[in-house]
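To start, the structure under review is shown below, and the notes come after it.
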Amino acid sequence: MHRLYVLPTLLINLAIIAIPAALTVFLAFFRWDGISAPVFVGLENFSRLWGDRVFWTALTNNIIWTAIFLTVPMAMGLLAATMMLVARRGSKFFQVIYFLPVIIATAITARVWQIMIYSPVTGVVGLLQRTGLDFGNPLAETSSALYGIAVVDLWHWWGFLCVIFYAALRQVPAEQIEAARVEGATFFQTIRYVLLPGIRPTITLMMIMTVIWSFLVFDFVYILTQGGPAFSSEVLSTYAYRSAFYDLAVGKAAAISVVISLFGLAATIFYIRIQAREFEQ
């Protein structure tokens, strides 16, 4: 009888997640322009991706993006959360300040950075150019476009990690922290030997979610550069969008989406195995 209570949620998940996901996998084996009847082509869409230079560029950019977000915002969030835990005074104020960028819509954040920071006319970049300090526009260079977008997402994202880590750090027993202080542990020794082991499950979860979200990144890339210049900031999600709605190659776009899902599935399986191993211990 109690199982009936989960039935509405199950039906919603089937309608919104399971059925569209199954259709995406189904279309990955067809050639379809979104208008005419689909034609079964087997693994042709995947074989075409194997020899597609833009696909490999997009995949490489996704891997670079993941590496950035597994290190820089993680370190920033952990350090800021630890400092708030130690200082305590003003921690609520800093939580609000750090978390504020997270609640701003990504489209607004991207446009603000595009106009007020990166624009050569109205932004800080333009102001520096007019004063003789010409560092160039990061979004206009093939060597820096991806990193310029990553900076915007870092500003938007790291505060979320900070608040999550701070909430987890507050669950670490105060006795352990005091014992470390009495024993003469430095600030960084306390972080390494007391705080980090105490919030390891939270760190693991955030790292796994970061991997998944990094392969789903779309909005900042599409708004700021649309994958340019010369595909230098193209990622898998923007390439799938371009294939479906610009090239009308829906089957190819579905194949790219399946590849994205495989990375997310691998990260999820890895997390489940870690959780099962810790549960056994």
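Laboratory data are not the source of any read-out in this text; all were calculated from the coordinates shown. For clarity, every value in this text was computed on a predicted model and none was experimentally measured. Counting neighbours? That spans all protein chains shown, and the Cβs are built from the backbone with ideal geometry, glycine included.
Between S119 and R3, what is the FRET efficiency for a Förster distance of 51 Å, r being their Cβ-Cβ separation, to the nearest 0.05?
For R0 = 51 Å, the calculated efficiency reads 0.35.
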Given labels modelled 7 Å from the Cα in the Cβ direction, how far is it in nm from L10 to Q176? 3.9 nm
Part-to-part distance (alpha-carbon centres) for the range 86-116 and the range 40-61, which is given in Å: 38 Å
Taking only Cα atoms, what is the 0 to 90° angle, nearest 10, from helix 250-280's long axis to the longest principal axis of the chain? 30 degrees
Just subtract the alpha-carbon distance of Q226 and A37 from 0.36 nm times their residue separation and send over the number in nm, one decimal. 65.1 nm
Taking the 0 to 90 degree range and rounding to the nearest ten, how far is the long axis of helix 53-87 tilted relative to the main principal axis of the chain, both from C-alpha atoms? 20 degrees
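For the peptides 15-21, 234-240, 79-85, what is the packing order when you average, over each peptide's residues, the other Cβ atoms within 10 Å and list the highest mean first?
So the peptides 15-21, 234-240, 79-85, ranked by packing, come out 234-240, 79-85, 15-21.
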Rounded to the nearest Å, the spacing of the alpha-carbon centers of the range 222-249 and the range 180-212 is 38 Å
Mind telling me which of S119, S36, S214 comes out most flexible in a GNM of the chain, alpha-carbon contacts under 10 Å? S36
Packing rank of 38-46, 248-256, where each peptide gets the mean count of other beta carbons within 10 Å, highest leading: 248-256, 38-46
Cα extents of the chain along the three principal axes, largest first, in whole Å? 73, 71, 33
How far is helix 106-116 tilted, in degrees, relative to the longest principal axis of the Cα atoms in the chain, given as a value from 0 to 90 rounded to the nearest 10? 80 degrees
Are there GluC sites (Glu not before Pro) in the range 141-225 that DSSP puts in a loop and that have at most 14 other Cβ atoms within 10 Å, and which ones? E141, E183
E183 to T71: FRET efficiency via 1/(1 + (r/R0)^6), r the Cβ-Cβ distance, R0 45 Å, to the nearest 0.05? 0.90
Report, in deg cm²/dmol and to the nearest 500, the calculated mean residue ellipticity at 222 nm for the chain, where each DSSP H run with n ≥ 4 adds -39500 (n - 2.57) and the sum is divided by the residue count. -22000 deg cm²/dmol
Contour minus Cα-Cα span, V96 to R111, at 0.36 nm per residue, comes to 3.2 nm
So what J values fall out for the range 220-229 if you push phi through Karplus, 6.51 cos²θ - 1.76 cosθ + 1.60 with θ = phi - 60°, rounded to Hz, Gly and Pro as x? 5, 5, 5, 6, 7, 9, 6, x, x, x
Specify which residue in the list M83, W50, V182 is farthest towards the positive end of the charge dipole of the chain, using unit charges on the beta carbon of Lys, Arg (+1) and Asp, Glu (-1), about the Cα centre. V182
With a ≥ b ≥ c the root eigenvalues of the C-alpha gyration tensor of the range 5-71, is it rounded (a/c under 1.5), prolate (a/b larger than b/c) or oblate? oblate
Sort 55-67, 125-137 by the packing proxy (mean of other Cβ within 10 Å over each peptide's residues), most packed first. 55-67, 125-137
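Expected output is a single nm value to one decimal: the length gained when fully extending between W155 and L216, i.e. 0.36 nm times separation in residues minus the C-alpha distance. What is it?
On the way: separation 61, 0.36 × 61 = 21.96 nm, distance 1.78 nm.
Computed gain between W155 and L216 is 20.2 nm.
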Dipole size in debye (nearest 20) for the chain around its Cα centre, Lys and Arg Cβ +1, Asp and Glu Cβ -1? 440 debye
Assuming R0 = 51 Å, what is the FRET efficiency of L248 and T202, from their Cβ-Cβ distance, to the nearest 0.05? 0.70
If every Lys and Arg gets +1 and every Asp and Glu gets -1 at its Cβ, then about the Cα centre the range 126-186 yields a dipole, in debye to the nearest 20, of 140 debye
